[in-house]
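Worksheet for the structure shown next.
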Amino acid sequence: ERIIALKHFFTVDPSYFESLAMARTEKGVGSEGVTFLHVSHMNLIKGIPYLLDAWRKFKQVGDREQCRLVLAGRRDENLDEVIRRDYSDLPGLELAGFVPDLLECLGDADVFVSPSVSDNGPGTIAEAMAAGMPVVSSLNCGFASLISDGENGFTYDFSDIDRLAEILGWFAEN
């Protein structure tokens, strides 16, 4: 009866991502390893250092040389400095920068990761889910409530890098 406009509310048209979702069900993961993806306008509040600490732990276990972590999107200079100083040696880390074609970026990945320290509603979670991707999200992401652990992804406390590394490992093994 009444329409209420919500400022800064994010919506996703699932039909835009439908072809990716269909292709994903047929594709599966091959011997090339799992590609994890994070897309955002990155700054320290997005939790990227926590993700990179977990990635370091993840890469130290088992046969995971083929697994990749792609960070796509613009990064602010504070985060760039932290990455240069503390994480430039990480194997399998790709800094993609701005990606003009989100569908292609999502199509090349297997698992979406949103490690935010604080984020009301990262639309990238909804977009990844519409594209048929499982999502790993910190509980501090507003859209973490869309995730049912073990069904369409996993959630974890943003600062629990051991748990995040364990979840990444689960995807690599399964």
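The values are calculated or read from the model by the stated rules, or taken from the named source; none is laboratory data. Note that the structure is a prediction, hence the values are computed from the model and not measured. Reconstructed Cβ throughout: ideal geometry from the backbone, glycine too, with neighbour counts over all protein chains shown. The area values use the complete protein model at the heavy-atom level, side chains included, leaving out ligands, DNA and RNA. Shrake-Rupley method; radii C 1.70, N 1.55, O 1.52, S 1.80 Å.
Before moving on, here are some points about what is shown:
- When the stretch 128-143 is limited to residues that are surrounded by fewer than 24 Cβ atoms within 10 Å (Cβ to Cβ), part of a helix (DSSP H, G or I) and modelled with pLDDT of 85 or more, the one that is farthest from the chain's Cα centre (by Cα) turns out to be ALA130.
- Within the stretch 53-82, residues that are charged (D, E, K, R) reach partners that are buried (at least 19 other Cβ atoms within 10 Å of the Cβ) with beta carbons closer than 6 Å, at six or more positions or on different chains, in the pairs ASP53/ILE161; LYS57/ALA165; ARG64/ALA172; ARG75/MET42.
- Scanning the stretch 109-127 for residues that are in a strand (DSSP E or B) and open to solvent by 20 Å² or more (accessible area, probe 1.4 Å) yields a single hit, ASP119.
- Residue selected from the stretch 83-96 under the condition touching a residue at least 12 places away in the same chain (Cβ under 8 Å) and part of a loop (DSSP other than H, G, I, E, B), by the criterion farthest from GLY62 (Cα to Cα): LEU90
- Subset tally (residues that are surrounded by 13 or more Cβ atoms within 10 Å (Cβ to Cβ) and among the charged types (D, E, K, R)) for the stretch 64-73: 2
- Residues (within 24 Å of PHE171 (Cβ to Cβ), modelled with pLDDT of 90 or more and open to solvent by 20 Å² or more (accessible area, probe 1.4 Å)) located in the stretch 87-104: ASP89, PRO91, GLY92, LEU93, GLU94, LEU95, ALA96, VAL99
- Residue satisfying all of: in the stretch 105-127; small (Gly, Ala, Ser) and closer than 18 Å to ALA172 by Cα; farthest from the chain's Cα centre (by Cα) among these: GLY107
- Selection from the stretch 147-174 of residues that are of a type in the set (A, V, I, L, M) and within 17 Å of ALA21 (Cα to Cα): ILE147
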